[in-house]
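The values are calculated or read from the model by the stated rules, or taken from the named source; none is laboratory data. Predicted model only: the values in this text are computed from it and were never measured. Every residue, glycine as well, gets a Cβ built from its backbone with ideal geometry; the counts of neighbours run over all protein chains shown. Quick note on the areas: whole protein, heavy atoms, side chains included, nothing else; ligands and nucleic acids left out. Shrake-Rupley method; radii C 1.70, N 1.55, O 1.52, S 1.80 Å.
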Amino acid sequence: MSIDFDQIPDRRATESAKWRAYGEDVLPMWVADMDFRSPESMIQALHQRVEHGIFGYPMPPEGLKESIVAWLHNRHGWQITPEDLVIIPGVVTGFHLAAHAVTRPGDGVLVQTPTYGPFFRVAPNVHLVQQEMQLPQGADGQYDLDLDAFQAAINGRTRIFMLCNPQNPTGRVFRQDELESMAEICLKNDILICSDEIHSDLVYSGERHIPIAMLDPEIAAHTITLLAPSKTFNIAGLEASVAVIQNAELRRQFEGARLGLVGWVNLLGQIAMRAAYQGGEPWLDALLTYLEGNRDYLVETIDRHLPGIKVARPEGTYLAWLDCRQAGIEGKPSEFFQKQARVAMNDGAWFGAGGEGFVRLNFGCPRSMLVEALGRMKAALDP
């Protein structure tokens with residue numbers, strides 16, 4: 001499928017948070033929002049629905065849940081049923097609902113750091129105790145799993161574990177043995193797994209995403225999996241996500257937690273979700289090839305031309321986790337690169353313990369934009 005991912009869209013004149021958060025001379029390489037036009041089949045489905053001209057209260061479009069079931073089976077080998085699905089506005093909403101559904105004030109919520117910043121809002125918002133374990137980083141910069149530290153972070157209070165896989169910001173895609181080990185510890189300690197798998201479709205050659213709930217029926221019964229087409233097809237602004245909950249009683253608790261607080265997903269979000277899952281696969285396959293090229297260019301350029309910065313090759317996501325601790329930068333590297341290079345990236349501290357001295361760079365963009373950003377960063381670092 002021939003798609004022009006090299007075209008740079010003009011987004012500054014739109015409502016784009018990514019492009020309007022900084023001045024016009026700053027390249028925005030921060031929030032996880034790609035600079036690619038979404039699949040044409042999905043855009044056409046939206047056009048067709050808008051042309052109808054009436055936007056009343058929606059029911060789930062016919063075939064929506066079936067499209068999700070088929071997608072998960074075809075892409076990941078995961079067999080579920082439409083009854084297992086709860087359509088929700090967002091993954092962040094989903095992990096808050098999960099916490100509300102299964103915890104009481106004073107219970108513990110476990111996260112692995114560095115991790116996606118909104119996970120840290122769950123404890124204060126739901127009146128829980130924050131529990132953390134830091135993922136260890138190897139000499140090659142890649143992150144691993146310390147099962148002893150994972151077990152040590154758990155106590156009698158721990159009620160829910162927030163897993164992020166593929167892992168944001170490190171780009172790790174957890175192996176089956178790692179997932180099995182974490183799940184076994186959770187089952188032994190009666191801990192619910194809430195698995196954020198929003199980047200599950202964005203995995204590169206030689207890697208495989210395994211939904212943790214797919215491992216075993218008992219694990220599935222203790223897992224809420226959160227997914228969305230938003231990262232895969234670049235439609236975050238349409239706010240359409242899904243929770244996969246195979247345990248009927250757990251699903252009832254989850255749906256009960258949303259009553260009066262979280263309503264339906266907007267009509268156009270549901271239309272886009274169905275169209276993306278029904279017809280977006282050729283676009284995604286082409287995207288993954290392009291992103292893998294971006295990833296390889298980024299890693300090679302940093303290794304050769306950006307002294308003092310290290311990056312492990314991401315196994316998934318379109319996010320690179322740059323270690324700037326040996327670059328001789330005073331203060332936060334995100335502030336240094338914004339001021340000196342006019343490149344905006346996420347500050348590592350936002351991702352919790354172990355993030356200090358890092359930045360997260362979004363390479364989900366046309367190649368020329370990535371080349372320009374890295375060139376600016378190199379010039380800022382050159383003495």
Quiz item: Among (1) in a loop (DSSP other than H, G, I, E, B); (2) touching a Ser or Thr at 6+ places or on another chain (Cβ under 7 Å); (3) open to solvent by 20 Å² or more (accessible area, probe 1.4 Å), which single condition is residue 207 missing?
Solution: (2)
Self-check item: Residue pairs meeting the criteria (Cβ under 8 Å; at least 6 apart or on separate chains; first over 15 Å from residue 168 (Cα atoms) and surrounded by fewer than 23 Cβ atoms within 10 Å (Cβ to Cβ), in the range 350-370; second of a type in the set (Asp, Glu) and modelled with pLDDT of 95 or more)
Solution: 357/323; 366/6; 366/35; 367/6; 368/6; 369/35
Quiz item: When only residues in the range 116-148 that are closer than 19 Å to residue 100 by Cα and assigned to a helix (DSSP H, G or I) count, which is most open to solvent (accessible area, probe 1.4 Å)?
Solution: 121
Practice problem: Please list, ordered by first then second residue, the pairs with beta carbon atoms under 6 Å, 6 or more apart or interchain, first in the range 166-182 and closer than 25 Å to residue 349 by Cα, second open to solvent by 10 Å² or more (accessible area, probe 1.4 Å) and among the hydroxyl-bearing types (Ser, Thr, Tyr). | Solution: 168/116; 170/143; 172/143
Quiz item: Which ranges mark the helices (runs of 4 or more DSSP H) fully within the range 4-114 that have 3 or more residues being open to solvent by 50 Å² or more (accessible area, probe 1.4 Å) and touching a residue at least 60 places away in the same chain (Cβ under 8 Å)?
Solution: 40-52
Quiz item: Just for the range 317-349: of the residues that are of a type in the set (Gly, Ala, Ser) and open to solvent by less than 20 Å² (accessible area, probe 1.4 Å), which one is nearest to residue 229 (Cα to Cα)?
Solution: 320
Quiz item: Can you name the residue in the range 184-204 that is hydroxyl-bearing (Ser, Thr, Tyr) and crowded, with 23+ Cβ neighbours inside 10 Å and is also nearest to residue 91 (Cα to Cα) among such residues?
Solution: 195
Quiz prompt | Tally, over the range 149-168, of residues that are more than 27 Å from residue 314 (Cβ to Cβ), surrounded by fewer than 18 Cβ atoms within 10 Å (Cβ to Cβ) and in contact with a strand residue (DSSP E or B) (Cβ under 6 Å, 6 or more places away or on another chain) | solution = 1
Quiz prompt | Looking only at the range 249-261, and only at residues there that are open to solvent by less than 30 Å² (accessible area, probe 1.4 Å) and aliphatic (A, V, I, L, M), the one that is farthest from residue 222 (Cα to Cα) | solution = 257
Quiz prompt | Search result, residues across the range 296-338 that are of a type in the set (S, T, N, Q) and under 22 Å from residue 144 (Cβ atoms) | solution = 317, 326
Quiz item: Of the residues 269, 260, 279, which is under 25 Å from residue 47 (Cβ atoms) and more than 21 Å from the chain's Cα centre (by Cα)?
Solution: 279
